[in-house]
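Each value in this text was obtained by applying a stated rule to the coordinates, not by laboratory testing. Because the structure is predicted, anything quoted here is derived from the model rather than measured. Cβ placement follows ideal geometry from the backbone for every residue including glycine, while neighbour counts extend to all protein chains displayed.
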Amino acid sequence: MGRLYVRKDNLMEEKKRIVGLDIGTTKIVCFVGEKNEHGKIDILSMGKSESLGVVKGVVQNIQRTIESISTAVSRAQEKMEDDFIISDVYVGIAGQHIKSLQHRGVITRENNDDEVCQEDVNKLVDSMYKLVMEPGQEIITVLPQEYIVDKHHGIKDPIGVPGARLEANCHVICGDVQAVRNIRKCVEKASLKIEGIFLEPIASSESVLSPEEKEAGVVLVDIGGGTTDVAIFYDGIIRHTAVIPFGGNIITDDIKKGCKIMNSNAEKLKVNFGSACAGETKTNVVICIPGIKGIPSKEIKQSTLAAIIEARMTDIIELVDFEIKNSGYENKLGAGIVVTGGGSQLKHLKQLFEYKTAQDARIGLPTEHLANSSEIDVYSSPIFSTGIGLVLKGFESNEMINQGSSKKITCDTGDGEDQKVITDIGDGRGGFFGTIFNRVNDFFDIED
């Protein structure tokens with residue numbers, strides 16, 4: 001596998017536009033964004049298509065997924081008003097196969113009189129990728145949470161701290177090898193190049209969470225079509241991640257079975273009349289569903305519909321609450337819970353979350369970094385949180401490269417070429433996010 005993480009032609013050239021590609025279970029969305037003089041993001045174009053080959057975040061049918069990606073990108077391309085060609089994309093990775101674990105890494109430095117440097121941090125993070133995983137699993141990324149230097153705990157940035165023994169408590173995220181390779185294959189066969197890859201809950205957090213919320217402690221709950229992603233932040237660092245194998249599609253399926261109607265009608269009922277709290281709906285409101293081919297129309301009480309939705313949504317919330325308690329941060333969530341994704345559009349969902357978890361909650365919209373424009377309302381829906389977040393993460397990583405905040409090193413790529421440039425993207429706090437970015441791209445075998 002080649003080891004070039006960021007293509008050489010982008011190392012010193014500032015990129016004006018970033019393309020984010022969200023490959024979800026129900027939809028595939030392509031965003032083209034540009035940063036204005038105020039540091040806000042202008043969305044120049046957006047293309048959306050139905051996701052036909054993805055189940056619970058995992059590619060099941062490569063050809064159909066390629067077609068869906070191509071359709072979304074083509075629609076975004078059609079809306080561009082100049083000759084900009086969509087070719088390089090930042091892609092999100094999620095799905096039921098994503099797992100996480102906690103592990104402590106340690107290295108002993110040769111010269112304990114010198115201060116810890118970036119090379120020491122990189123060496124420590126690199127050592128974490130040598131952990132033995134289950135068959136078929138491979139480490140995608142390692143997120144250092146705190147450093148320990150000679151038994152001094154709670155260090156966010158160890159660079160400049162003298163000591164002989166460097167340790168780190170790390171959040172290790174791994175995934176199914178074949179699942180992530182299939183995503184790469186689909187993107188490349190759609191005539192696109194992967195510029196970078198980010199975990200979807202991290203991308204979503206970029207678009208809906210503020211730095212103050214991450215510092216105070218917050219739970220991001222991204223309810224997608226096939227899965228629900230949970231990410232817990234505290235003290236500005238991601239502390240816990242989890243994937244719950246239920247999303248909006250299972251609610252639609254419950255409505256279909258409970259009301260004995262077609263799947264398309266069940267989805268319309270959920271979107272247009274659904275509520276997460278049966279007690280908040282009127283018992284005398286009746287919804288009429290037209291019949292087809294001689295089948296008479298059917299009437300369903302709105303309160304019955306809400307009861308079906310509330311039952312399944314309660315299951316999802318209880319699993320989220322379990323992850324919160326299991327993380328150990330239940331009593332450190334100063335900013336409560338932020339719910340986003342397509343499933344967050346259900347009426348009264350905020351109230352149900354607050355009632356079941358005893359935490360403050362709000363619905364997260366991806367407008368935190370968007371410029372005010374005539375179309376901002378179009379892109380402010382929580383269904384676009386991941387796609388817009390990918391654009392934001394793309395700008396972040398690209399700017400770090402262009403600012404020269406990292407050092408360039410060379411290594412053997414293992415593919416017949418002698419040397420290629422590898423850039424370690426710094427983040428101002430020890431540079432470990434750069435190592436994360438590089439390692440994720442290495443996992444996907446990104447070439448120039």
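Tabulated values for the structure
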item	result
Long-range amide H partners of residue 60 with built H, under 5 Å	54, 55
Within the range 184-320: Cβ-based charge dipole about Cα centre, in debye rounded to nearest 20 (Lys, Arg +1; Asp, Glu -1)	1000 debye
Acute angle (nearest 10 degrees) that the helix 62-78 long axis makes with the longest principal axis of the chain, alpha-carbon atoms	90 degrees
Charged-residue dipole, Cβ positions (Lys, Arg, Asp, Glu), the range 105-184 about Cα centre, Debye nearest 20	320 debye
Separation of the residue 123 and residue 106 label points, Cα + 7 Å toward Cβ, nm	1.6 nm
Length-normalised contact order of the range 79-166 in % [C-alpha pairs under 8 Å, at least 6 apart]	34 percent
Proportion of all alpha-carbon pairs of the chain beyond 43 Å (%)	15 percent
Listed peptides 56-66, 19-29 by packing density, highest first (mean Cβ within 10 Å)	19-29, 56-66
Estimated vicinal HN-Hα couplings, Hz - the range 33-47 in sequence order (Karplus 6.51, -1.76, 1.60; Gly, Pro = x)	x, 9, 8, 8, 5, 9, x, 8, 9, 9, 7, 7, 7, 8, x
Computed helical MRE - 222 nm, the chain, DSSP H runs ≥ 4 contributing -39500 (n - 2.57), nearest 500	-10500 deg cm²/dmol
By average C-beta atoms within 10 angstrom, highest first, the peptides 101-108, 260-267	260-267, 101-108
Positive-pole candidate from 211, 365, 291, dipole of the chain, charges at beta carbon	291
In Å, descending, principal axis extents of the Cα set of the range 308-383	42, 32, 16
About the Cα centre, charge dipole magnitude for the chain (Lys/Arg +1, Asp/Glu -1 at Cβ), debye	1960 debye
FRET E, pair residue 292, residue 181, Förster distance 45 Å, beta-carbon r, rounded to 0.05	0.60
Folded to 0 to 90 degrees: helix 118-128 orientation relative to the chain principal axis, Cα	60 degrees
In Å, descending, principal axis extents of the Cα set of the range 266-311	35, 21, 16
Two-decimal Rg/Rh across the range 91-138, once Rg and the Kirkwood Rh are taken from alpha-carbon atoms	1.11
Crossing angle, helix 385-402 versus the chain [Cα axis fit, 0-90 degrees, rounded to tens]	20 degrees
Point-to-point label distance, residue 83-residue 193, nm (Cα→Cβ direction, 7 Å offset)	1.8 nm
